[in-house]
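Engineer: Mind having a look at this structure? Questions to follow.
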Protein chains: 2
Amino acid sequence: MTRNVVGILGGMGPEATILLQQRVLASVTARDDGDHVPLLIDMNPQVPSRIAHLIEGTGRDPAPTLAEMARRLETAGATALAMPCNTAHHYAPQIEAAVSIPLLNMVDLAVARAAEIVPKGSSIGILASPAVRLVGVLDPALERAGLTALWPDDTDQLLSAIRSIKAHGLTPATRRILSHAASELAGKGAALVFIACSEFSLLAPSLSSAIPIIDTVDVLAGAIRDHSQMKSS
Amino acid sequence: MTRNVVGILGGMGPEATILLQQRVLASVTARDDGDHVPLLIDMNPQVPSRIAHLIEGTGRDPAPTLAEMARRLETAGATALAMPCNTAHHYAPQIEAAVSIPLLNMVDLAVARAAEIVPKGSSIGILASPAVRLVGVLDPALERAGLTALWPDDTDQLLSAIRSIKAHGLTPATRRILSHAASELAGKGAALVFIACSEFSLLAPSLSSAIPIIDTVDVLAGAIRDHSQMKSS
């Protein structure tokens, strides 16, 4: 049987691309290498900065680079695409327009998963970089599902935690910041928490929370595995 | 500047391919994503088993699959290839014949590094899967450099350690097995130890040894970084 191969638009950043591979690996019960999921990964850390383009208004538009990567992955044999970067999903329409294969949209998939669990009208707490908020990546999908985003009051502290994890790995202090933010969100009425940041994903398995947690990268890993196990045409 | 992109013949196994990416990442001092090394990774866990073909004599020849992966990576824009699997280097000639870009040969690079450190005629201790010994992947390159391979007496114990690390992660018991094997090799006169197995690479940073240790995956990560930072033509 020829397996479906998912093409990964990666490198935004490299750590998140590695994390996705680890989660895909963990999502499969394998007796042998051959049971694992085939991927074609374009690890391209030189994609123009999404933050510079969208927030600072100074940088080059990353969309043409992402479209080119998508085309290259399709040509190389990918039967679907995936992108382990929430912010870059702002450019999903340009990526989809460049190819004839589907994009397994991490944001849409995570919102759909949330909508299965919580009733319409619910608030979804968000643990992510303030950039995700500023760009408004999650809002249209949440709105379509009748859900609204709820952020912790102190998003600067989230950014400090991300920087600390990048520099020092997981520490009790960052664990406390994130647990505190999750409690705050539950207290403010969130029905569920999204983890939408690869640094926070590293903490997710040890995060205690009174409400359900959905890690967007896990949702994407599951969709990649499912696509790979579908019969290819 | 357009960066050189190394194509990775990966998936043998997926963990080793992830480990290589982590080591490439660690080999770069980055202020930003853009400083990191671009890679095109064909994560193909469905490459026919090297062990089945070379040792058990039952499996399909993996060479045509590896050649096809190499061609696909070259077409997609790779300017060099690399393969994070020592055993699969048995098929290096067929891979090189399929493309016009160089293969950064992990075995040759590691042997060259060893030859810079130890005098001709030295013995190189090997910590690897017994399959690497049976296939004789390292021997021709060592011989050309005037070096000889030295294995621990109990290679079954190395295999047990690999299986244990795959199943349970790093444990004090596996750390002891590997430290003991490294001491044995030093005692038998090895001038240097090669780590040529991704499970043992995980232990390498904490391994104490009276003689120098070269981790083949680190040598490859360094060569990938250097190729990426060369001016592209």
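The values are calculated or read from the model by the stated rules, or taken from the named source; none is laboratory data. Keep in mind that this is a model prediction, so the values were computed, not measured. Here Cβ is always computed from backbone atoms with ideal geometry, including for glycine, and neighbour counts include all displayed protein chains. Remember, those area values only see protein heavy atoms, side chains included, never the ligands or the DNA or RNA. Shrake-Rupley method; radii C 1.70, N 1.55, O 1.52, S 1.80 Å.
Engineer: If you line up the long axis of helix A:155-168 against the longest principal axis of chain A, both from Cα atoms, how many degrees apart are they, to the nearest 10?
Structural biologist: It works out to around 60 degrees.
Engineer: Same structure, new question: Can you list the distances in nanometres, one decimal and ascending, from the A:Arg144 label point to the identical position in each other copy, with the point 7 Å along Cα to Cβ?
Structural biologist: Distances between equivalent label points, in nm: 5.6.
Engineer: In nm, one decimal, shortest first: how far is the label point of B:Ala26 (7 Å from Cα along Cα to beta carbon) from the matching points in the other copies?
Structural biologist: 1.9
Engineer: Continuing with the same structure: Enter the accessible area per residue of the protein assembly as shown (Å², integer; probe 1.4 Å; all protein chains in place).
Structural biologist: Using a 1.4 Å probe on heavy atoms only, each residue of the protein assembly as shown averages 42 Å².
Engineer: Given the protein assembly as shown, what whole percent of its Cα pairs are spread farther than 29 Å?
Structural biologist: Result for the distance tail: 51 percent.
Engineer: Compute the distribution of all C-alpha to C-alpha distances in chain B, in bins of 10 Å from 0, and list the percent of pairs in each, rounded to whole numbers.
Structural biologist: All Cα pairs considered, the percentages come to 8, 32, 36, 20, 3, 0.
Engineer: Against the longest principal axis of chain A, how steep is helix A:106-117, in degrees 0 to 90 to the nearest 10, with axes from Cα atoms?
Structural biologist: The helix A:106-117 is inclined about 60 degrees to chain A.
Engineer: Same structure again: Tell me, which residues of the stretch A:40-58 get at least 10 Å² less accessible area when the other protein chains come in, versus the chain alone (1.4 Å probe)?
Structural biologist: A:Leu40, A:Ile41, A:Asp42, A:Met43, A:Pro45, A:Gln46, A:Arg50
Engineer: Can you give the % of DSSP beta bridges in the protein assembly as shown that are antiparallel, to the nearest 5?
Structural biologist: 10
Engineer: Still on this structure: So for chain A, taking the charge dipole from beta-carbon charges (+1 Lys/Arg, -1 Asp/Glu), which of A:Ile165, A:Val28, A:Val132 sits furthest toward the positive end?
Structural biologist: Checking the options against the dipole of chain A, the answer is A:Val28.
Engineer: Same structure again: Excluding ligands, DNA and RNA, what is the accessible area buried between chains B and A, summed over both sides, using a 1.4 Å probe, to the nearest 100 Å²?
Structural biologist: The summed interface area works out to 2200 Å².
Engineer: Which value, in debye to the nearest 20, gives the size of the charge dipole of the protein assembly as shown about its Cα centre, when Lys and Arg are +1 and Asp and Glu are -1 at the Cβ?
Structural biologist: The calculated dipole for the protein assembly as shown is roughly 160 debye.
Engineer: A further question follows. Helix-only mean residue ellipticity at 222 nm, the protein assembly as shown, DSSP H runs n ≥ 4 weighted -39,500 (n - 2.57), per residue, nearest 500. What is it?
Structural biologist: Rounded to the nearest 500, the figure is -14000 deg cm²/dmol.
Engineer: Comparing the chain by itself with all protein chains present, which residues of the stretch B:1-33 are at least 30 Å² less accessible (probe 1.4 Å)?
Structural biologist: B:Pro14, B:Glu15, B:Ile18, B:Gln21, B:Gln22, B:Leu25, B:Asp33
Engineer: Once both axes come from the Cα atoms, what is the angle between helix A:216-229 and the longest principal axis of chain A, in degrees from 0 to 90, rounded to 10?
Structural biologist: 20
Engineer: Still on this structure, I have one more. In debye to the nearest 20, how big a dipole does chain A give about its Cα centre with +1 on each Lys and Arg Cβ and -1 on each Asp and Glu Cβ?
Structural biologist: 160
Engineer: Within the accessible area of the stretch B:106-216, what % is carbon and sulfur when the probe is 1.4 Å and the other protein chains stay in place?
Structural biologist: 53
Engineer: Something else about it: In nm, one decimal, shortest first: how far is the label point of A:Ser183 (7 Å from Cα along Cα to beta carbon) from the matching points in the other copies?
Structural biologist: 4.7
Engineer: What dipole magnitude, in Debye to the nearest 20, does the stretch B:20-86 give about its Cα centre under +1 on Lys/Arg Cβ and -1 on Asp/Glu Cβ?
Structural biologist: About 120 debye.
Engineer: Let me ask you something else. What is the distance in Å between the Cα centroid of the stretch B:139-214 and that of the stretch B:20-37?
Structural biologist: 27
Engineer: Just from the alpha-carbon atoms, what are the Rg and Dmax of the stretch A:106-216 in angstroms?
Structural biologist: Both quantities, over Cα of the stretch A:106-216: 13.0, 39 Å.
Engineer: Using a Cα-Cα cut-off of under 21 Å, which lysines could be cross-linked to B:Lys188, ignoring same-chain neighbours fewer than 8 residues away?
Structural biologist: Leaving aside lysines fewer than 8 places away in the same chain, those within reach of B:Lys188 are B:Lys120.
Engineer: Going by average Cβ density within 10 Å per residue, which order do the peptides B:29-35, A:119-125 take, highest to lowest?
Structural biologist: Per-residue Cβ counts within 10 Å, averaged per peptide and sorted highest first, yield A:119-125, B:29-35.
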